[in-house]
There are 2 protein chains.
Amino acid sequence: MSRIPATERRAALAHAALAVISRDGLAAATTRAIVAEAGMPLASFHYAVASRDELLRDVVELVVAEEGVAALAPLLAKAGSIREAAKLALSGYLEFVRRDPGHEQAMFELTQYALRTPGLSDLPAEQYARYHALATELLDAATAQLHPDWSVPMPDLARLLVSFTDGLTLAWLADRDDAAAARSIDLAAVAIAGFAREKVRA
Amino acid sequence: MSRIPATERRAALAHAALAVISRDGLAAATTRAIVAEAGMPLASFHYAVASRDELLRDVVELVVAEEGVAALAPLLAKAGSIREAAKLALSGYLEFVRRDPGHEQAMFELTQYALRTPGLSDLPAEQYARYHALATELLDAATAQLHPDWSVPMPDLARLLVSFTDGLTLAWLADRDDAAAARSIDLAAVAIAGFAREKVRA
DNA sequence: CGTCGTCTGGGACAGTTGTCCCACTTCGGC
DNA sequence: GCCGAAGTGGGACAACTGTCCCAGACGACG
């Protein structure tokens, strides 16, 4: 084990923890499993971080700091309407979930655990504030491209969008029904487009 | 401890387990915590049930068997439109969540745990099939009362409805923002009503 | 070149967990 | 009334957990 400053070790541990949680679940993310994933001796754990819960706090913040939906923005470029844009973005998101279901499961597990843990109960609010901000950015990008008039406030629509993606994900994780998920997305796209008054296109 | 047949003890343990999970979370639902909640000696646990995971299976099935949204149907009686009906039902549901947040958290925790646990991975699909069936019943009740024509298949709309309630619940659990949740419900109600062509009323 | 703070890693600790065993008591059917 | 089956409950076990300690090694700065 080469010499690594504590702050770097801390970051490495957070990444390792996220990997373990994605693969095996939060319950399996013991201190020993995390250091094994990171290739460190056990003692490095409490040298780099005060407690397991504090490391989990790092994990949530790591997740929140990630780009997230930035990868979806390019999809909008192909869209000629709000409905199409919504469908492409939601389909792209579901594809992302399908590619690594464990990652999204990890998000849910972390949120639920944080809600139950005294020292971490403030995290979920941050987490969802970030989600809502990301959704707003995506809606802004679509607006900049298609110039619709929205009949509802953008933050409210963003929250609706996040709620729907969460629910879509939970249902798909539970029954893995691709076709049903696709139909849900179609409906949601129509519903979202219903809040936009689009300008006529050439 | 009076003499109780094993099957009754098993049911009592499932109820006790649900109580513990709702109050303290799934991680706190140890065999000892569950039997303490049920007022039984520890040994009764493995006499009534083969393992902890099998008991959790019982808990999920207990939950799935429960009425659930039946209490929301009466709310529809006051509604004069689909939009109003949706708003009343969703508000009623959120009120239910607000009254006992731990219960809904327990649902999410159980689903996630089951997905990760080899012997229980079939449960979430059942669970969500039940949710979708319940949502369909509620939509049917609204249809019977207001006689709209729906532009989309009822099962698809039911799945959308469940997805939205899940997402609504997750977001509210995270930030406890009542006002934002109410605005989400308003938007969702409009969106749902958008799929209905309502007959003119007198 | 020495020394002091930073980092390493092996080992150990106490607490908790799921599960099991065994001696005991109670009940229903003969 | 008796006896086998069903139910009870105290105690124990091995495994695993988060956390901590301590002796040693390294590297930068004087």
Eigenvalues of the alpha-carbon gyration tensor of the stretch A:62-129, times 5 and square-rooted, give semi-axes in Å, largest first, of 29, 13, 10
Protection proxy (average C-beta count within 10 Å per residue), highest first, orders B:177-185, A:163-171 as A:163-171, B:177-185
Over chain A, the sum of -39500 (n - 2.57) across DSSP H runs of at least four, divided by residue number and rounded to 500 deg cm²/dmol, gives at 222 nm -24000 deg cm²/dmol
Once the in-chain neighbours fewer than 8 apart are removed, the aspartates and glutamates whose Cα is under 19 Å from A:LYS78 read A:GLU95, A:GLU137, A:ASP140, A:ASP186, A:GLU198
Ordered by number, the residues of the stretch A:109-146 with at least 20 Å² less accessible area in the assembly than alone (1.4 Å probe) are A:GLU109, A:GLN112, A:LEU115, A:ARG116, A:ALA125, A:TYR128
Taking the alpha-carbon centre of each part, the distance from the stretch B:5-51 to the stretch B:133-202 in Å is 36
Long-range amide H partners of A:TRP150, meaning residues 5 or more apart or on another chain whose placed amide H is closer than 5 Å, are A:ARG197
Of the accessible area of chain A, computed with a 1.4 Å probe and all protein chains kept, carbon and sulfur make up a percent value of 58
Longest principal axis of chain A (C-alpha) makes with the long axis of helix A:6-24 (C-alpha) an angle, in degrees to the nearest 10, of 60
Given a 1.4 Å probe, the accessible area of the stretch A:6-59 per residue, as a whole number of Å², is 45
Rounded to the nearest 10, the angle in degrees between the Cα long axis of helix A:82-99 and the longest principal axis of the Cα atoms of chain A comes to 30
The answer for the stretch B:67-197, accessible area per residue at 1.4 Å probe in Å², is 38
Result for interface chain B to chain A, accessible surface buried in total, 1.4 Å probe, Å² to 100, stands at 3500
Rounded to the nearest 10, the angle in degrees between the Cα long axis of helix B:101-116 and the longest principal axis of the Cα atoms of chain B comes to 70
Accessible-area loss of at least 30 Å² (1.4 Å probe, chain alone to full protein assembly) applies in the stretch B:156-180 to B:ASP156, B:ARG159, B:LEU160, B:SER163, B:PHE164, B:GLY167, B:LEU170, B:ALA171, B:ALA174, B:ASP175
Of the convex hull drawn through the C-alpha atoms of the protein assembly as shown, the volume per residue in Å³ is 158
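The values are calculated or read from the model by the stated rules, or taken from the named source; none is laboratory data. None of the values given here were measured: they were computed from a predicted structure. Positions of Cβ are generated from backbone atoms using ideal geometry, with glycine treated the same way; all protein chains shown enter the neighbour counts. When the accessible area is computed, the model is the full protein with side chains, heavy atoms only, and any ligands, DNA or RNA have been set aside. Shrake-Rupley method; radii C 1.70, N 1.55, O 1.52, S 1.80 Å.
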